[in-house]
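Q: There's a structure below that I have some questions on.
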Amino acid sequence: MAIIIAVFFWLRLFHLEERMNFSMDQGLFSLRASEIWENKEISLIGPEASMMVEGKHFFQGPATYYLSVVLMLLGNWDPVRAGVGIVILNGLGLIFLYLTLKIWFKEEEAKIGIILFTFLPLSIKYSNFIWNPNFLLIFCSLFLYIFSKAVKNNKFIWYGLAGLMAGICWQFHYQFTLVIIGSLMFLVFRKTNFKNIFIYILGILIGFWPLIVFEFRNNFYNLGLIIKWLTINKENHFKLEEHYLIGFLPIVIAILVYLFKRINRVIVYFLMAVVIVMGVRFSLKTEEWNYKDKIKVVNLIKQKGCENFEIAQTITGDTRSYDLRYLLKINQCQPLEVDKYPEAKKLYLISKKQVEEESVWEVRSMEKFEIMSKTIINNQIMLYELVKKN
């Protein structure tokens, strides 16, 4: 077990700065978490869902922001340290998954389950940076453990705790709706005592209470948008994306362990060997535009001057570069607000192209400018310093 845990941490922490995802969502979450802490806010809503209806987003729960505040505070607002915190929490998730599998299966089968959790590339990829679906890797395992204790012990206190954890998981991402529905169906088919089901549902509502309060205060804003989203343009609703599977991964592993009991051990060990090779190979991959590059850009901007400037990048869709905005903020070199580009005297642009090829509004807002400097960040990415002409 100790060896598995050690490998688990190595796969997630090896060259963390070159592999950790710190992009638009992470920048936005970190900026919002710092605002909540600085202003001592109590927020009833969390990040916007990616789906849009009539130009509006509906919101997920605030648990993402509050947990981000805790991790950032413990890491002194450093995203890498917060990433280490996420890995540690995932290690706790690994232990809870192991304890859950031991409730339902033998110890050998439980170890097979946590080996899969340790080496699956999907588990590695989403286990070392702040993002709301990622938290489900941790808390879904905890939910499964508490829910399993409730089913095995048949005590209402465990059902209440399981419901509470389900409600909190629901705040992180609406994909957990399927887990809640599935768990209720499971309890009904097992002919669970109605009192225990009621306690479980009550726990869910308590865990989800910030969004319930928000709904009552805002004329059911979220619910109205979700209903519209479900009834308008149905063909565009269910585009399966990789991260939608994160919240179900501990459950999928439990199902795989159950299936493995029924097939030849040689086949099981072969499949595990394939997963192990895939996991090790994946852990060696690095991001093209990685955290180390971004810190290099931040340091260069600090050297060149932090007065009346804006920042933009065209490497990804985040042209306003919220990741760099956060890193510049914690380095006391804050750019103008995102709607102030035309007022900036200087624009720092990160791009793979020549400036003349760029057509995004952030660059065009400079109107006439001259290129003061061009710095190579890595083999493909450059930092331009553009100064507006009078």
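The values are calculated or read from the model by the stated rules, or taken from the named source; none is laboratory data. These figures come from a predicted structure and were not determined experimentally. Cβ atoms come from the backbone with ideal geometry, glycine included; neighbour counts cover every protein chain shown. Surface areas here come from the heavy atoms of the whole protein model, side chains and all, with no ligands, DNA or RNA. Shrake-Rupley method; radii C 1.70, N 1.55, O 1.52, S 1.80 Å.
Q: Only residues that are buried (at least 17 other Cβ atoms within 10 Å of the Cβ) and touching a residue at least 60 places away in the same chain (Cβ under 8 Å): list them for region 312-328, please.
A: Ile315, Asp318, Ser321, Tyr322, Asp323, Leu324, Arg325, Tyr326, Leu327 - these are the residues of region 312-328 that are buried (at least 17 other Cβ atoms within 10 Å of the Cβ) and touching a residue at least 60 places away in the same chain (Cβ under 8 Å).
Q: Pick from Gly46, Gly55: which is buried (at least 16 other Cβ atoms within 10 Å of the Cβ), under 30 Å from Asn222 (Cα atoms) and modelled with pLDDT under 95?
A: Matching residue, one of Gly46, Gly55: Gly46.
Q: Sticking with this one: Run down Tyr65, Tyr98, Tyr126 and say which single residue is open to solvent by 10 Å² or more (accessible area, probe 1.4 Å), of a type outside the set (A, V, I, L, M) and out of contact with any Pro (no Cβ under 9 Å at 6 or more places or on another chain).
A: Tyr98
Q: Can you tell me which residues in region 131-176 are open to solvent by 40 Å² or more (accessible area, probe 1.4 Å) and of a type in the set (Val, Ile, Thr)?
A: Within region 131-176, Ile157, Ile168 qualify.
Q: Anything in region 102-123 that is of a type outside the set (A, V, I, L, M, F, W, C) and either touching a residue at least 60 places away in the same chain (Cβ under 8 Å) or open to solvent by less than 30 Å² (accessible area, probe 1.4 Å) (or both)? List them, or say none.
A: The answer is Glu109, Lys111, Gly113, Thr118, Pro121, Ser123.
Q: Here is a follow-up. What is the one condition in (1) closer than 23 Å to Glu35 by Cβ; (2) in contact with a helix residue (DSSP H, G or I) (Cβ under 8 Å, 6 or more places away or on another chain); (3) crowded, with 17+ Cβ neighbours inside 10 Å that Asn331 does not satisfy?
A: (3)
Q: Taking the conditions exactly as written (assigned to a strand (DSSP E or B) and polar (S, T, N, Q)), does Ser50 satisfy them or not?
A: Yes: the conditions hold for Ser50.
Q: Another question, if that's okay. Going through region 187-199 one residue at a time, which ones are in a helix (DSSP H, G or I), in contact (Cβ under 8 Å) with a residue 12 or more places away in the chain and surrounded by 11 or more Cβ atoms within 10 Å (Cβ to Cβ)?
A: Across region 187-199, the qualifying residues are Leu187, Asn196, Ile197, Ile199.
Q: Out of all the residues in region 295-303, is one or more within 18 Å of Asp25 (Cα to Cα) and free of Cβ contacts under 8 Å to residues at least 12 places away in the same chain?
A: For region 295-303, residues within 18 Å of Asp25 (Cα to Cα) and free of Cβ contacts under 8 Å to residues at least 12 places away in the same chain: absent.
Q: Would you point out which residue out of Val87, Val69 is of a type in the set (A, V, I, L, M, F, W, C), within 29 Å of Leu324 (Cβ to Cβ), touching a residue at least 60 places away in the same chain (Cβ under 8 Å) and not in a loop (DSSP other than H, G, I, E, B)?
A: That would be Val87, the only listed residue that is of a type in the set (A, V, I, L, M, F, W, C), within 29 Å of Leu324 (Cβ to Cβ), touching a residue at least 60 places away in the same chain (Cβ under 8 Å) and not in a loop (DSSP other than H, G, I, E, B).
Q: With respect to Tyr174, is the statement that it is of a type in the set (Ser, Thr, Tyr), out of contact with any Gly (no Cβ under 8 Å at 6 or more places or on another chain) and over 14 Å from Ile251 (Cβ atoms) true?
A: For Tyr174, the condition - of a type in the set (Ser, Thr, Tyr), out of contact with any Gly (no Cβ under 8 Å at 6 or more places or on another chain) and over 14 Å from Ile251 (Cβ atoms) - is met.
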